[in-house]
Amino acid sequence: MAGAAGMLLMPKLGLTMTEGEVSQWLCAAGARFAKGDTLVVIETDKIAHEVEAPASGVIDEILAPEGQTVAVSLPLARWTLDGVSPSGNAGEDGEAPAPAAPQSPAPAFLPPPEPRVVATPLARRTAAAAGIDLARVTGSGPKGRIKAADVERFASDSPATVSPAPAPQAPASEPVRGVPDPALPGQAPTGHLAAIPQLHAIAEVEISKLLEMQARMQSVRGLEALELVSLLVLAVVRSIEAHPASNRIWTPEGAVAIPRIDIGLLSGAGHGDAILRDLGGRGLGAVSAAIAALPDRESWGPSGQADPSAITLQHALGSAADILHMPVVAGQAAILSFGGEHSLFRPDDEGLPALRHELRVGLSADARLFDVALADLFLASITRFLEDPLVLLAT
Amino acid sequence: MAEPRVRDALNRALADAMAADERVVLLGEDIAGFGGSFGVTKGLLDRFGPERVRDTPISEAIIAGAAVGAAMSGLRPVVEIMFMDFVTLAMDAIVNQAAKAHFMFGGQCSVPMVVRLPHGGGISAGPQHSQCLEAWFAHIPGLKVVCPATVGDSYSLMRAAIDDPDPVIFIENKALYALKGDMPDPPAAVAIGEAAVARGGRDVTIVTYGACLGHALDAAKALASAGIELEVIDLRSILPWDEAAVLRSLQRTHRLIVYHEAVEAFGPGAEIAARMADIGFDELDAPILRVGSPFAPAAFSKEIDSAFFPSSARLIEAVRRILA
Amino acid sequence: MRKQKAESGPDTAQLPRWLDFHRSMHIIRQVESRLATLFADGEIPGFIHLSIGQEASAVGVCAALELADTIASTHRGHGHAVAKGMALDRFFLEILGKDEGACRGRSGSMHIADMGVGMLGANGIVGGGLPLAIGSALAHKLKGNGAVAVACFGDGAMAEGILHEALNIASLWKLPVLFVCDNNGWSEFSATKDVISLDLPQLARAFGIASRHLRGDDVVAVAEAAGQLVDAIRGDGAPRLIELHTRRIRGHFEGDAQRYRHDDAADREDPLVNHESRLLRAGVTPERLAEIAEAARGEVEAALQIARAGRAACAVGALDAVYAQRGAARYG
């Protein structure tokens, strides 16, 4: 069987990893290994990772003994893999034979793709001009995306690492992370709602784990009918408990706290609404039962203005619809609008594109009750509960 | 004289164009004696007579189609369709005849006509009197599409549209007819296809047109107090649109939001975003965002109408996202 | 004096005109017969709609028109283009998609136009020419040039709302329009009687438009009626309508196998044969008629050869021709 000599390299195990420590060799020099065998354990400050053999072969020489720290992409060992063409992961040490004649059927061994760095086009351009390796830059944007400002910050923090390339074209200013206090006119075009200043905020929530958990729960007797909306309501209840300032309404005398947690529920189809009463401290079972006990959704009546709930929830689950920013009306503090579930690719821990399930949640709030900080905290809380449903159930 | 309104500027532009060129004629439902549903053509019948200011039957197809034939035979007709929604009944004339004639007949003739279309919701006019359908026309080679947002531009773009040898879709936002503003004397020179920077800023570029311009400027004012400077570009022309102006701004701000009242999906913003993602890719420091109406018909209810309208609060929310 | 003596014998004063009709109809017949073979041979792609059998309509109506008059035609518009005076080489260059064609190869058969002779175009949309003629008539009226616009449509277009809008506004505004209906009994692939319930004389009457309804296989009768109507239009400015019952000898388009068609009792005759009989009765020799037909054939062949030698249409130029003025028109 033809083989290919090459190098086993230090893998890049995360976006920010630059080096790793060889914790333990599980395969001695000269020993044969089979595909899938663990060869070596690598540790970083975050994780311990077992490096598996991509194909059978033999370790020719260990170059990095246990305890040694090795930079990403530098060799750990010299090896020979069976039946692998030298154009594989075999390194560039020139020992590989000339391009082998096509062999049938070659094992489907592909090199692990270059870990993907998620960065904006401008950040890439800026980094390239400054000679900065984006893999070393920490991104501050959504889901760790590297922005131009991150590159600039990196450059000014560690000037020595930057090659003397021409200075990057700097934006006119640091991106502004602060947000306004939008004590805005209502902007309701007809003017009749303009009395209530509106504040809008939005968050993107990954619900892959939530959907997985819902599916598993539905296989449990008694929970077959568990709907996603119950989990959403529960996350909102827990978030209100964490941020009691959200549970207030505006009256002519000013902000008034509401002593218990009621949630208004607009049906997705918009036929009417209902109020779920006194959910404070209640668990998933109680919330789910309260929703199930609502009358037929087509005939929900309008909620009485006299007995308001500060927070109203509206959703488009099961549809392709996006969130809707309903204007808040008198007696309401905020409307949470959940869009339909959708799938999209996001980078995983390795920086590789992975299919995720997400939904968007929009917050429309009375700007006299919610400032931007509260809006962000409240949405962040909901996001955290939905992204990690175990925390939601345990809280 | 009191500050003129958009309606007055359009009226004056029509009058001045008719006085300057006897080939200019007006056609439309109730535009002569009644002065037009939104009062744009008031007084023109008395000044120019019934031959040139013509009330038509409620026959959108023949109004638009006759304008094409008249333009091919030497007139410069200006057609008013009462609400943009009704233009569905005139689409053959605009899409199959007017837009194609210059090309299809090998340049033997052009079709110098203007179709005035009042668009826009927010007045509880319901699903059939509120739509912003400009993307349809921007998709048709051979047409030009403009949508002024100010008093001055309403005058200058109307004059430019009437002078243009090609068919121009002239979109007026119903919410803007009563808007007051400066009317420079002499009127400013404006070319179809030329955007204006309505407000300079360094942080985020907002590309907008029509009634959303005012909301974008409101948002810019509110955000300025928090140290965020929006650059607001008034597109003015949707076809052709000023790519260079948008790109210049993107080079300063590296962030782009397209903001319009039309339904977001497949709206004008889709083309602008796609084009900038192509020619402006290396300038981008965040995904391009769009803020428009949701994918639904307009509704009668004030609550729904308001909820669907892409308010300045929604624009601010998008600014926060793009700066995250 | 147009009045013709009742079938009493040859009207020598009319003879040159009649011979001219004979020549014009032969040219159109030759043009379209050649188009049929060119299409069958694959030399012309796309759609070709022939008016073979309807030549008397085009020739008779256009005989009443001046150069300044305009005509908006239908998808079956070759006859109108040629009868209105379009040069045959310009015509063939266009139909063969050449750069020197009247429309630079962008219209082909279905949209052929020649503004220089007032031919506002064949039209790919059923009823599409009607509003163009209305607008053209409005322009004539406002300019006061005394010209008439001809609005051609087929019986299929009677089902289009635009006809009703056009009749209404023409009558209302007293526009100098002659509506011409070539009623060949076929709405594309359906018998018109199966898809349309209206009666055109009644429709014209409903809008207060004076109309004439006659067989379209007699070019002299068509020319006479059209002449009277056009004179009347020029006199009072009001619209008129003429309906000509004709026979579509070919299919809806070339390549149409016409399996739907079981009629053709041929109650309408071939207008060319019809007119030849009249000329023979008037004392014209068969040799003279054959000579005219042969000359027509030669003229058509010569034009076709010119067209075949033309330059192919140019895609780059076409991209630049979408607008009369690319980019910005400026005010101020």
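The values are calculated or read from the model by the stated rules, or taken from the named source; none is laboratory data. Because the structure is a prediction, the values reported are computed rather than measured. Cβ: placed from backbone, ideal geometry, glycine included. Neighbour counts: every protein chain shown. Ligands, DNA and RNA are excluded from the accessible area calculation, which covers all protein heavy atoms including side chains. Shrake-Rupley method; radii C 1.70, N 1.55, O 1.52, S 1.80 Å.
Structure data summary
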{"quantity": "Long-range HN-HN contacts of B:SER293 with modeled amide H, under 5 Å", "calculated": "B:ALA262, B:VAL263, B:GLU264"}
{"quantity": "Exposed chymotrypsin sites (Phe, Trp or Tyr not before Pro) absent: longest stretch of chain B, with sites in DSSP loops and at most 14 other Cβ within 10 Å deemed exposed", "calculated": "B:35-265"}
{"quantity": "Charge sum, other residues only, whose C-beta stays under 10 Å from B:VAL258's C-beta, Lys/Arg counted +1 and Asp/Glu -1", "calculated": "-1"}
{"quantity": "Sequence of A:VAL117, C:VAL126, B:VAL197, B:VAL207 from largest to smallest accessible area, 1.4 Å probe", "calculated": "B:VAL197, C:VAL126, A:VAL117, B:VAL207"}
{"quantity": "Theoretical ellipticity at 222 nm over the protein assembly as shown - DSSP helices of four or more residues, -39500 (n - 2.57) apiece, nearest 500", "calculated": "-9500 deg cm²/dmol"}
{"quantity": "For chain B, size of Cβ-based charge dipole, Lys and Arg +1, Asp and Glu -1, in debye", "calculated": "240 debye"}
{"quantity": "Around B:ASP282: net Lys/Arg minus Asp/Glu count, Cβ-Cβ under 13 Å", "calculated": "-1"}
{"quantity": "Sequence-separation-based contact order of chain C, relative, with Cα cut under 8 Å and 6+ spacing, percent", "calculated": "23 percent"}
{"quantity": "Per residue, the convex hull volume that the Cα atoms of the protein assembly as shown enclose (Å³)", "calculated": "253 Å³"}
{"quantity": "Nonlocal amide H pairs with A:TRP79, under 5 Å, H built at 1.01 Å", "calculated": "A:GLY6, A:MET7, A:LEU8, A:ASP60"}
{"quantity": "Shielding by partners, peptide B:278-290 (average Cβ within 10 angstrom, other chains)", "calculated": "4"}
{"quantity": "Accessible surface of segment B:196-323, 1.4 Å probe, proportion on carbon and sulfur as whole %", "calculated": "58 percent"}
{"quantity": "Neighbourhood net charge (12 Å Cβ-Cβ; Lys/Arg +1, Asp/Glu -1) for C:ALA170", "calculated": "+2"}
{"quantity": "Positive-end extreme of charge dipole, the protein assembly as shown - chosen from A:LEU369, A:SER343, B:THR41 (charges on Cβ)", "calculated": "B:THR41"}
{"quantity": "Order of exposure, largest accessible area first, which applies to B:GLU231, B:GLU271, A:GLU253 with probe 1.4 Å", "calculated": "A:GLU253, B:GLU271, B:GLU231"}
{"quantity": "Among B:ALA226, B:ILE304, B:ILE288 the positive-end extreme of the charge dipole of segment B:196-323 (Cβ point charges)", "calculated": "B:ALA226"}
{"quantity": "Given 13 as the ceiling on other Cβ atoms within 10 Å, longest exposed-site-free region of chain C for GluC sites (Glu not before Pro) in DSSP loops", "calculated": "C:67-332"}
{"quantity": "q = 0.18, 0.21, 0.25 Å⁻¹, segment B:196-277: log10 I(q)/I(0) [Debye, one scatterer per Cα]", "calculated": "-0.67, -0.92, -1.27"}
{"quantity": "Charge dipole (the protein assembly as shown, unit charges on Cβ, about Cα centre) - positive-most of C:ALA83, B:SER130, A:ALA380", "calculated": "C:ALA83"}
{"quantity": "Distance (nanometres) between label positions extended 7 Å along Cα→Cβ at B:ALA2 and A:LEU223", "calculated": "6.8 nm"}
{"quantity": "Computed over segment B:196-323: relative contact order in percent, which uses C-alpha pairs under 8 Å that are six or more apart", "calculated": "27 percent"}
{"quantity": "Principal-axis tilt of helix B:212-224 within chain B, Cα atoms, nearest 10 degrees", "calculated": "20 degrees"}
{"quantity": "Förster radius 30 Å - calculated FRET efficiency between C:ALA13 and C:THR285, Cβ distance, rounded to 0.05", "calculated": "0.95"}
{"quantity": "Charged-residue dipole, Cβ positions (Lys, Arg, Asp, Glu), the protein assembly as shown about Cα centre, Debye nearest 20", "calculated": "2080 debye"}
{"quantity": "Accessible solvent surface per residue of segment B:6-176, calculated while the other protein chains remain in place, 1.4 angstrom probe, Å²", "calculated": "27 Å²"}
{"quantity": "Residue-wise HN-Hα coupling along segment C:296-306, computed from phi with Karplus coefficients 6.51, -1.76, 1.60 (Hz; x: Gly, Pro)", "calculated": "4, 4, x, 4, 5, 4, 4, 5, 5, 5, 4"}
{"quantity": "Share of carbon and sulfur in the accessible heavy-atom surface of segment B:6-176 [1.4 Å probe, %]", "calculated": "55 percent"}
{"quantity": "Interface B:C - total buried accessible surface [probe 1.4 Å, Å², rounded to 100]", "calculated": "3900 Å²"}
{"quantity": "Charge dipole (debye, nearest 20) of segment B:196-323; +1 at Cβ of Lys and Arg, -1 at Cβ of Asp and Glu", "calculated": "240 debye"}
{"quantity": "Residue-wise HN-Hα coupling along segment C:254-262, computed from phi with Karplus coefficients 6.51, -1.76, 1.60 (Hz; x: Gly, Pro)", "calculated": "5, x, 6, 6, 6, 5, 6, 10, 10"}
{"quantity": "Amide hydrogen neighbours beyond the local backbone of C:GLY127, cut-off 5 Å, H modeled", "calculated": "C:GLY154"}
{"quantity": "Residue-averaged beta-carbon neighbours from other chains (10 angstrom radius) around B:48-57", "calculated": "2"}
{"quantity": "Under Karplus coefficients 6.51, -1.76 and 1.60, residue-wise ³J(HN,Hα) of segment A:329-338 in Hz, glycine/proline x", "calculated": "10, 4, x, 10, 9, 7, 10, 9, 10, 9"}
